[in-house]
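Scroll down for the structure; my scribbles are underneath it.
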Amino acid sequence: MNGDRLLIADDHPLTREGLSLAARAAFPGAQAIGVGTVGEAVAALQSRSTIRLILLDYALPDSEGFRGLMRVLHVADGVPVLIVTASDRPGLAEGAMALGAAGFLPKTLPLDEISGILRKVLSGQRYFPEALAPAAPLAAARERIAGLSRAQHAVLLALADGRSNKQIAYDLSVTEATVKAHLTAVFRKLRVTNRTQALLAIRPLLEDPASGQGG
């Protein structure tokens with residue numbers, strides 16, 4: 001990864017530095033870029049073309065639960081995203097997996113173990129805690145989106161981010177007719193008839209699984 005970059009989005013400088021150390025140990029020669037908000041992460045992704053891996057703190061100031069993850073996934077263009085958190089609340093790992101994150105990384109892990117996980121993810125593997133036990137609403141929402149194609153998933157991410165059909169078409173470099181076709185397929189697979197119902201169907205994945213935020 002010499003010359004490549006990793007993006008670390010965390011609002012605590014000490015945590016960013018620790019994750020940077022783990023990243024540099026995993027990928028000697030790589031550059032770690034640190035940001036403190038989802039907005040800054042999105043801007044970094046839009047301005048740089050060599051980012052290979054993204055570490056995203058779940059509880060950034062502008063995250064709004066999993067909406068932060070969805071905003072980043074929308075512009076990541078296939079770059080793997082790991083959710084990083086100090087929280088062990090039920091549902092977080094399951095929600096991250098369902099939405100398309102490449103992994104779920106507890107901040108409590110030793111740096112050498114974090115380095116090993118980063119290597120696995122960049123090699124194309126995913127990392128999630130074993131024996132995930134999702135709550136019933138999360139499991140149902142995950143099942144609803146499991147059958148979406150990559151293009152349909154991208155359109156759903158953009159939809160959850162509040163984008164219009166015109167904006168989605170521009171972002172994905174397709175026509176509005178193509179976006180409408182994807183939305184029709186998404187609605188059919190979610191068993192809904194409009195955008196509002198689609199967002200309600202996946203709302204358990206977008207909301208914080210518990211009150212409060214825990215890093």
Whichever residue in the range 39-63 is polar (S, T, N, Q) and closer than 15 Å to residue 78 by Cβ and, among such residues, is surrounded by the fewest Cβ atoms within 10 Å (Cβ to Cβ) = 49
State the number of residues belonging to the range 99-119 that are surrounded by 23 or more Cβ atoms within 10 Å (Cβ to Cβ) and over 18 Å from residue 10 (Cβ atoms).
-> 1
Lone qualifier among 48, 67, 71 - being of a type in the set (Lys, Arg) and more than 14 Å from the chain's Cα centre (by Cα) | 48
Any hit, the range 101-109, residues being at pLDDT 85 or above and of a type in the set (Phe, Trp, Tyr) = yes
Scope the range 1-18; condition over 20 Å from residue 60 (Cα atoms) and either in a helix (DSSP H, G or I) or among the charged types (D, E, K, R) (or both); matching residues = 4, 5
Here the qualifying pairs (Cβ atoms under 7 Å; residues six or more apart or on different chains; first in the range 156-180 and part of a loop (DSSP other than H, G, I, E, B); second of a type in the set (A, V, I, L, M, F, W, C)) come out as 161/70; 175/169
What residue, of 88, 77, is closer than 18 Å to residue 44 by Cβ, over 10 Å from the mean Cα position of the chain (by Cα) and surrounded by fewer than 22 Cβ atoms within 10 Å (Cβ to Cβ)?
-> 77
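The values are calculated or read from the model by the stated rules, or taken from the named source; none is laboratory data. Given the structure is predicted, the values throughout are model-derived calculations rather than measurements. With ideal geometry, Cβ positions are generated from the backbone for all residues, glycine too; neighbour counts draw on all protein chains shown.
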